[in-house]
Each structure stands twice: as C-alpha cells, then as structure tokens.
Amino acid sequence: MNTRTLVIAAALLAALATTGCAVQRGQQTVGGYVDDSAITAQVKSSFVGNKEVGAASISVETLEAKVMLSVFAMNEAEKAAAGRLAMTTKGVKSVENQIIVQP
C-alpha cells in the first residue's frame, strides 16, 4: 500500500468512527458530515501527493464544505500551495487559510 492510500483509509475510518458525535451535537446531518469527511480526506491526500506541501504538518478541518487549514508551514510558498490544493478539491466551497509561516 502506498502512503496516499493509507492516509485516505485512515481519514475515512476516523470519519466513520465519529459520525454519531457530530450529529448528536446538532452541527449537521449525517450525510453532510460524511461529505465533509470525504473532502478532508481528499485535501489531505492531495497534500501527500505534492512535494511543496508537508502533509503531516498541516491540519485540515471541514464543515459544510468549508475547509480550514491550520498549524505551520515552512514558507509562504507552502502555505499558498496548501490553500490552492484545498480550493481545487472537488466539493470545496471555500478555504480559510490559517496556516502560520514559521520564521
């Protein structure tokens, strides 16, 4: 198995394991939660396949097809690439790029 497959499998497993919690809190429907989890997995997968982005160092969260990127990047180019990859992911409505560039 390659790394990309493992990342996707882990993200989908995490989504399935926590689906009930999100719906109980009233954040969204089960279908919406599953869609958001799939978007998160696709964004993370695109990071793994890209040499500009350190996939392990960037956090991705999705709510109602709006993606929020956070944590740290090594430089502005990595931050911009992460935002660009997230925005071009199928199903993403918007991206909030909160990544902090480390000095």
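Some points to look at:
- The packing ranking of peptides 92-103, 38-49, 68-79, highest mean first, is 38-49, 68-79, 92-103, where packing means the average number of other beta carbon atoms within 10 angstrom of each residue.
- Potential lengthening between N50 and T88 on full extension [0.36 nm per residue; Cα-Cα distance subtracted]: 12.3 nm
Bear in mind these aren't lab numbers, they're just calculated from the coordinates by the rules spelled out. Here the structure is a predicted model, which is why all the values come from computation and not from measurement. Positions of Cβ are backbone-derived with ideal geometry, glycine not excepted, and every protein chain shown enters the neighbour counts.
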